[in-house]
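The values are calculated or read from the model by the stated rules, or taken from the named source; none is laboratory data. Predicted, not measured: the structure shown is a model, and the values here were computed from it. Quick reminder, even Gly has a Cβ in these numbers, built from the backbone with ideal geometry, and neighbours come from all protein chains shown. When the accessible area is computed, the model is the full protein with side chains, heavy atoms only, and any ligands, DNA or RNA have been set aside. Shrake-Rupley method; radii C 1.70, N 1.55, O 1.52, S 1.80 Å.
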Amino acid sequence: DLVAMRWSEHPDYFDATEPAGDGLVDVYHVHAPTGERERLVRGADLVPDGATDPIRIESYTFSADRTKLLIFTNSVRVWRQNTKGVFYVWDLERRRLTPVSTAPGLQQFAKFSSDGRRVGFVRDNNIFVTDLASGRERQLTRDGSEDVINGTSDWVYEEELGLRDAFRFSPDGTRIAFWRLDQTVIKPFFLIDELSLYPQLTAVRYPKAGEANSEVRIGVVEIDGGNTTWMNLGPEDDIYVADMGFAGSSDEIWLTRLNRHQNRLDLMLGHVETGVLRTVMTDADDAWVDAETPLWLDEGRQFLFRSERDGYARVYLFARDGTLVRTVTPGAWDVTAVFGVDERHDRLYFTGSGDGPLDRPLYSIGLNGRGLTRLTSGGGTHGVQFNADYSLFVDTHSTLAGPPVQTLRDPNGDLVRSIADNAALIEKVASLQLAPPEFITVPGADGADLNAYVIKPRDFNPADAYPLLMYVYGGPGSQTVRDAWGGTRYLWHQMLANQGYVVASVDNRGTGARGRDFKKITYLNLGKYESADQIAAARHFGSLPYVDDQRIGIWGWSYGGYMSALSMFKGEGTFRAAIAVAPVTDWRLYDTIYTERYMRTPQENAAGYERGAPLTFADRLTGQFLLVHGSGDDNVHAQNTTQLAHRLEEAGKQFDMRIYPNKSHGISGRATRVNLYELFTVWLAKNLHGDTAAVMLP
């Protein structure tokens, strides 16, 4: 198993948890170079006053002076993640556990102030601060309600901009900057729970494409005085504030403002006492820009920013006033993740596609744009966590066929020691004697080479003609064809291969790590180029001697379900069978931020919405089709599947459908997942392979 670790403030140490039985964990302070450790917190000791059983640590944070531990427990799910629960503070010296709040109601996003004297949190859409010495709780906002949200986010901000924790302490701990979202104008979408005698309704404020969004404001509140200054976001009302923080002092904040089309991002600076903001840098594109976050350097005097303005995702260095200093990263390839800057040595650490789109090696380069160095060897994908002074990093490395392993390395990439060799899983996978996946290229609809992988049966005979199952996602900037551990889905694909299928996946135009033009060709036309490429790839595979061109199938989930349905309908018989899980079937049914980023609004681009909707082409279905959806899907509503089912029925088309009651977009749960993949396996055996006797189920 991998180690759940986080670097501490001391660069030679990280913190990690270890199971202690009965669902408890202990927290250890680990000397990174040697692995020697000290137990700091014993899970069994964390018993609240008046209770007999200890709480269970779900997540934790140390105060800056490491005298206190903030613990999150008893959490409940809010859409994608468990973000509501109960927070306690454990005093390491006094060995005392204190609740952050004794008032009724669950808390969200609790965090220490920089001096460790206070903890801020959100409850019932209002922001509170607890003074740890006195236990006094102060309410900083008072208008929180079902309509007005302070310090956290609405559904679409959380899903599409990744914003959940929506308040920030100032460096001196005297102020809090926060998002305020008024979602009064957003219409509710009702999810129906039919597992009770009378169905229960859950209202989700979900803005569909072209509909109204929340009104956003950014406030800065004085913790002691309670006065709030509202930042002047400009005359344009229909905007998003994608990110925000204090800008090197407690007197200024920065924020990134996106227009509704999301083709212009303004980095703004403003004084917290006047509320006046000024734009210091703008990133713009004819299609869209991604909501990047600046990386501040030199105590806020400079910042790094990733942009595709020159055709590839590169890192640029700016002065605080927005003056471009230089382009830092070179080459016609994309920077995919930035891990930070060692300011003592002026070196940037990042991963990118310098070796091609399949791999993610770690690089470093000087802030002067010189001395590009590849720090990891071999292929595969590297996830990296640097310590405080960039003298060590933990490298989590995997390949498509190789589970992840963790090693500790120095700044040159040289091995210090192994942290987690994941030996049990690696041995288990090796014992299966799986056929290694092959990375290849196939021609797309325009003749360009598309990256693909192929998994063949273990006893593959090139003289035989096998059924082919293609796995697709295909959404903007995504990749399924990566040399990175594929987890349980990869192992299921391997199981199918051993039952006599060839399994393949192709990254169509619109996917990532191949530059701006390859990715953004789909602008205003989602589905058009992607489905054409999947159909072209399927026909190419069908021309190969080892693929039976009468037994080609395709499957995918979410955007992949959309692609599976659209490719099936437009493929003119190319595919014999298709599985679409939780598909978007008309972009008018999906949310504002995601859909309009790529399509603008339905009012502006009616033709693009029409030609990109599987609903439009439902009457072209030939072959076998399976629709799968969770009825509790708050993301891609089951309404999509219902409307497609209706359109297929109206067209006189036969198809199969499975609804998973109350399941969300991931259709999760151990029993449910087993049922789901058994459904896929049996359905494919009947409708694609043609040999149900070949099916092996546990």
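Most tightly packed first, judged by the mean number of other beta-carbon atoms within 10 Å of their residues, the peptides 40-53, 211-224 read 211-224, 40-53. For a modelled paramagnetic label at residue 355, 7 Å from Cα along Cα-to-Cβ, the residues of segment 375-393 in reach, with backbone nitrogen under 17 Å, are 375-385.
Using only DSSP helix segments of four residues or longer, with each worth -39500 (n - 2.57), what per-residue ellipticity at 222 nm results for the chain after dividing by its residue count and rounding to 500? Don't skip to the end; give the middle numbers.
Working: 10 runs with 101 residues, N = 698.
It lands at -4500 deg cm²/dmol.
In the chain, a dipole from Cβ-located charges (positive for Lys and Arg, negative for Asp and Glu) runs towards its positive end, and of 163, 599, 16 it is 599 whose Cα lies farthest in that direction. Compared with the dominant Cα axis of the chain, that is its longest principal axis, helix 559-570 is turned about 20°.
Hey, got the dipole for the chain? About the Cα centre, +1 on K and R Cβ, -1 on D and E Cβ, debye to the nearest 20? For the chain, the charge dipole is close to 700 debye.
Restricting things to alpha carbons, find the Rg to Rh ratio for segment 32-162 using the Kirkwood radius for Rh. Over the Cα atoms of segment 32-162, Rg/Rh equals 1.00.
Beyond 20 Å, what percent of the Cα pairs of segment 420-505 remain?
On the way: 1453 of 3655 pairs.
Of the Cα pairs, 40 percent sit more than 20 Å apart.
Quick check on segment 180-221: what are the equivalent-ellipsoid semi-axes from the Cα gyration tensor, as sqrt(5λ), descending, whole Å?
On the way: eigenvalues 172, 37, 6 Å².
They are 29, 14, 6 Å, listed largest first.
Taking amide H as placed 1.01 Å from N in the peptide plane, the amide H of residue 100 sits under 5 Å from that of 87, 88, 89, each at least 5 places away or on another chain. Place a point 7 Å from the Cα of residue 51 along the Cα-to-Cβ direction; which residues of segment 84-109 have their backbone N under 11 Å from it? Zone members listed by number: 86-89, 97-100. Within the accessible area of segment 556-698, the carbon and sulfur atoms contribute 48%, probe 1.4 Å, all protein chains present. With a threshold of 30 Å on the Cα-Cα distance, the over-threshold entries among 520/686; 519/570; 208/520; 519/663 are 520/686; 519/663. Of the residues 667, 522, 282, the one whose Cα sits farthest toward the positive end of the charge dipole of the chain, with +1 on the Cβ of Lys and Arg and -1 on the Cβ of Asp and Glu, is 667.
Using a simple charge model, +1 on the beta-carbon of Lys and Arg, -1 on the beta-carbon of Asp and Glu, nothing else, what dipole does segment 192-318 show about its Cα centre, in debye to the nearest 20?
On the way: 11 positive and 23 negative charges, 35 e Å.
Approximately 180 debye in magnitude.
Between segment 536-579 and segment 391-453, the C-alpha centres lie 28 angstrom from each other.
When a 1.4 Å probe is rolled over the protein heavy atoms, the share of accessible surface on segment 11-167 that falls to carbon and sulfur comes to 43 percent. Working from label points 7 Å from Cα in the Cα-to-Cβ sense, the residue 343 to residue 67 distance is 2.6 nm.
Surface composition of segment 300-459: carbon and sulfur atoms hold 48% of the protein heavy-atom accessible area at a 1.4 Å probe.
Any chance you could run the full-extension gain for residue 412 through residue 37? It's 0.36 nm times the residue separation minus the Cα-Cα distance, nm to one decimal. Walk me through the numbers on the way to the answer.
Numbers: separation 375, 0.36 × 375 = 135.00 nm, distance 2.52 nm.
Here the segment from residue 412 to residue 37 would lengthen by 132.5 nm.
In terms of packing, defined here as the mean over residues of other Cβ atoms within 10 angstrom, the peptides 563-570, 79-86 line up highest first as 563-570, 79-86. A cut-off of 5 Å between modelled amide H atoms, ignoring neighbours fewer than 5 places along the same chain, links residue 362 with 375, 376.
Whole number in Å², please: accessible area per residue of the chain, 1.4 Å probe, ligands, DNA and RNA not counted.
It amounts to 41 Å² per residue over the chain.
Simple spin-label estimate for residue 185 and residue 679 gives 3.9 nm between the two label positions (7 Å along the Cα-to-Cβ direction from each Cα). For segment 37-53, backbone phi angles converted through the Karplus equation (6.51, -1.76, 1.60; θ = phi - 60°) give residue-by-residue couplings of 9, 10, 7, 9, 9, 9, x, 5, 7, 8, 10, x, 4, x, 10, 10, 10 Hz, Gly and Pro being listed as x. Remark: the residue 572-residue 691 segment gains 40.4 nm on full extension, using 0.36 nm per residue and subtracting the alpha carbon distance. Short to long, the 5 Å bins of the Cα pair-distance histogram for segment 586-635 hold 4, 17, 22, 19, 17, 16, 4, 0 percent of all pairs.
Candidates (i) 270; (ii) 247; (iii) 173; which is the computed volume of the Cα convex hull per residue in Å³? So the structure-derived entry is (iii). Converting phi to 3J(HN,Hα) with the Karplus coefficients 6.51, -1.76 and 1.60 and the offset θ = phi - 60°, segment 409-419 yields 9, 8, x, 8, x, 6, 5, 9, 6, 7, 9 Hz in sequence order, with x at every glycine or proline. Tell me, how many Å apart are the Cα centres for segment 255-288 and for segment 304-332? Spelled out, the Cα-based centre of one part sits 17 Å from the other. Proximity of backbone amide H atoms, modeled 1.01 Å from N, is registered between residue 658 and 627, 628, 629 at under 5 Å, excluding neighbours fewer than 5 places apart on the same chain. Each residue of segment 244-249 was assigned a 3J(HN,Hα) from its phi angle through the Karplus expression (A = 6.51, B = -1.76, C = 1.60, θ = phi - 60°), giving 6, x, 7, 9, x, 8 Hz with x at Gly and Pro. Sorting the segments 606-619, 129-142 by their residues' average number of neighbouring beta-carbon atoms within 10 angstrom, most packed first, yields 606-619, 129-142.
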